[in-house]
Amino acid sequence: MSENARAESDGSFLKAHLVSKTYRTGAKQVLALSEISFELGEGEIVGLSGPSGSGKSTLLNILGGLDRPTSGTVLVDGVPLHELSDDALTLYRRQTVGFVFQASYLVPSLTVQENVMLPLLPAPLSPEEKEARVTAALEQVNITHRASHLPGELSGGEQQRAAVARAIVNQPRLILADEPTGELDAANAARIVELLSGFAGEGRTVVIASHDPDVIAVTDRVIQLQAGTVVSTS
Ligand SMILES: Nc1ncnc2c1ncn2[C@@H]1O[C@H](COP(=O)(O)OP(=O)(O)OP(=O)(O)O)[C@@H](O)[C@H]1O
Ligand SMILES: [Mg+2]
């Protein structure tokens with residue numbers, strides 16, 4: 001986002017205003033989100049909870065520029081995402097957002113180091129700077145000792161830590177995590193949660209969709225969804 005855009009913003013980092021999403025398949029329509037509004041500040045860690053099908057993943061995808069709302073606006077630094085061209089939205093995803101999903105989605109034929117390098121390949125940085133960022137990200141999630149291994153040689157918890165390294169290697173201001181501990185045991189889940197809350201401590205904004213009370217417990221506040229609407233925020 002440009003400095004001008006930043007200057008025009010009123011302080012909140014991200015603002016969702018009356019965001020709705022309708023999925024249409026043939027004659028069928030599903031209203032996945034209905035006029036959702038909220039704001040996120042820099043350095044906030046926010047939980048997104050609600051029953052299966054309540055719209056959590058749909059909302060994360062829209063915040064991250066993976067999908068566009070049917071109506072309503074998402075403003076980042078005061079800039080409406082829906083006014084961005086496809087190319088600009090791609091840049092937004094690359095430079096501003098880091099995604100962590102339930103499954104790690106590492107590329108099986110690439111080493112951990114190569115997987116974490118992937119988001120940096122198009123970045124206008126020197127090869128040395130890219131290497132340095134990958135090294136730092138691997139260290140941050142404590143997976144350096146597995147850097148030259150393939151994902152299939154890692155435990156589930158290690159794979160998810162590598163996926164977190166890949167999500168943060170571009171130093172995103174917004175980290176979106178969709179059930180990031182869904183496939184992990186309690187000890188590995190706790191490590192991922194600790195990492196995510198550490199990113200908020202660095203001033204990044206973190207949104208975590210989760211059913212797990214231990215995950216939700218570390219968040220500053222919770223946006224509770226039900227059938228596509230916000231039923232409470234705390
Ligand atoms: N691509 C799609 N096409 C049609 N309907 C969809 C699509 N994706 C999601 N939906 C519908 O939108 C609603 C919200 O789905 P979403 O995946 O956002 O829920 P969720 O809260 O993430 O659920 P879960 O906890 O099970 O992951 C659901 O009714 C779902 O069936
Ligand atoms: Mg989901």
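Any read-out appearing in this document is the output of simple, stated calculations on the displayed coordinates, not a laboratory observation. Not measured: the values here are computed from a predicted model. Every residue, glycine among them, receives a Cβ derived from its backbone with ideal geometry; neighbour counts consider all protein chains shown.
In deg cm²/dmol and to the nearest 500, what is the mean residue ellipticity at 222 nm of the chain if only DSSP H runs of at least 4 residues count, each as -39500 (n - 2.57), divided by the residue total?
Working: 8 runs with 78 residues, N = 234.
So the calculated ellipticity at 222 nm is -9500 deg cm²/dmol.
Please pull out the direction-averaged projected area of the range 158-198, using the convex hull of its alpha-carbon atoms, in nm² to one decimal place.
Details: hull surface 11.1 nm².
Approximately 2.8 nm², given one-decimal rounding.
Taking the range 88-166, how much of its Cα-Cα pair set, in percent, is spaced more than 14 angstrom apart? If you can, show how the numbers build up before the last one.
On the way: 1817 of 3081 pairs.
Roughly 59 percent, rounded to a whole number.
Could you give the distance between the Cα centres of the range 13-88 and the range 186-227, to the whole Å?
19 Å
Quick check: from the Cα gyration tensor, does the range 1-121 come out rounded (a/c under 1.5), prolate or oblate? It would help to have the intermediate numbers written out before the result.
Numbers: a/c = 1.64, a/b = 1.11, b/c = 1.49.
Oblate, since a/c reaches 1.5 and b/c is not below a/b.
Return one number: the angle in degrees, 0 to 90 and rounded to the nearest 10, between the long axis of the Cα atoms of helix 186-201 and the longest principal axis of the Cα atoms of the chain.
Value to nearest ten degrees: 70.
Where does the charge balance sit around Leu120 when Lys and Arg score +1, Asp and Glu -1, over other residues with C-beta under 13 Å from its C-beta?
On the way: positive: Arg94, Lys130, Arg133, Arg166; negative: Glu114, Glu128, Glu129, Glu131.
In short, 0.
Compare the peptides 124-132, 16-24 by average per-residue count of other Cβ atoms within 10 angstrom and give them in order, highest first. It would help to have the intermediate numbers written out before the result.
On the way: 124-132: 10.9, 16-24: 16.6.
Most protected by this proxy first, the peptides run 16-24, 124-132.
Please identify, among Gly65, Gly78, Gly55, the residue showing maximal mean-square fluctuation in a Gaussian network model of the chain using a 10 angstrom Cα cutoff.
Gly78
Can you give me the three principal axis dimensions of the range 3-233 from its C-alpha atoms, in Å, biggest first?
If we take the Cα atoms of the range 3-233, the spans are 46, 41, 39 Å.
I'm checking a number: the convex hull volume of the Cα atoms of the range 164-230, normalised per residue, in Å³. What is it? Could you put the intermediate results ahead of the total?
Details: hull volume 6.6 nm³, N = 67.
So the per-residue hull volume is 98 Å³.
Calculate, in nm to one decimal, what Thr229 and Lys28 gain on full extension: separation in residues at 0.36 nm each, minus their alpha carbon distance. Present the calculation step by step, with values, prior to reporting the outcome.
Working: separation 201, 0.36 × 201 = 72.36 nm, distance 2.00 nm.
Gain on extension, Thr229 to Lys28, equals 70.4 nm.
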